[in-house]
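The values are calculated or read from the model by the stated rules, or taken from the named source; none is laboratory data. Computed from a prediction, not measured in an experiment: that's the story for all the values here. Glycine gets a Cβ as well: all are built from the backbone with ideal geometry, and neighbour counts include every protein chain shown.
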Amino acid sequence: MTEWLASLWEMLGGWWDAIPFMASGVWILTGCLLLTGLVGSVVPLLPGPFLIFIAGIVHTLLLPEQGMGWQGIVALSLLLIIAYAVDTLAGALGARWFGASRWGIAGVFVGGVVGLFFAPVGFLVGPLAGGLIFELIFAKKRMAPAVKSTWGTLLGTGLGIVVRLVLSLAMIATVLVDCLWW
């Protein structure tokens, strides 16, 4: 009776030893970083595009034979730079589109920096409050035009989040295509 149990144990042991746990672990880590980066592209406090970039680099360092080529890393770097440029400029460009003065745009930037210290609510309220306050105090605008430019800040920030999500999806596609097919 113990012979079949011993043969079953040998068969399972051979099967268990054949699993490439190193590669599986790296792929699980890469997948977790990619998924967290995708979530972080729309959720404050998570540096989404940066986590996706790190996923590609870590995967390449841990599994060089299945890692990214230099073209993929360059493409990933460019997408990361574009994502952060869009993230930085979206609110200010939206405010400008809706008639904000230079003071209002400066207020959006100052409010964004101050909002970092009051996360996660500060990420949204900071630029809005900064733009509105700077328009009212320094540009000496009335309430209606100041609110209009603040509305532009909100729309610009929302559009920036959508663009950052699209860029994050493009970054994920770059990592997966480069690691799996090239």
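Per-structure values
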quantity	calculated
Which listed residue is farther than 30 Å from G152 by Cα, buried (at least 20 other Cβ atoms within 10 Å of the Cβ), in contact with a helix residue (DSSP H, G or I) (Cβ under 8 Å, 6 or more places away or on another chain) and modelled with pLDDT of 90 or more, from G56, G72	G56
Sole exception among (1) part of a helix (DSSP H, G or I); (2) modelled with pLDDT under 90; (3) surrounded by fewer than 21 Cβ atoms within 10 Å (Cβ to Cβ); (4) not polar (S, T, N, Q) for W182, by number	(1)
Test result for A129, modelled with pLDDT of 90 or more, buried (at least 17 other Cβ atoms within 10 Å of the Cβ) and of a type outside the set (V, I, T)	yes
Residue among G112, G126 that alone is of a type in the set (G, A, S) and out of contact with any Pro (no Cβ under 8 Å at 6 or more places or on another chain)	G126
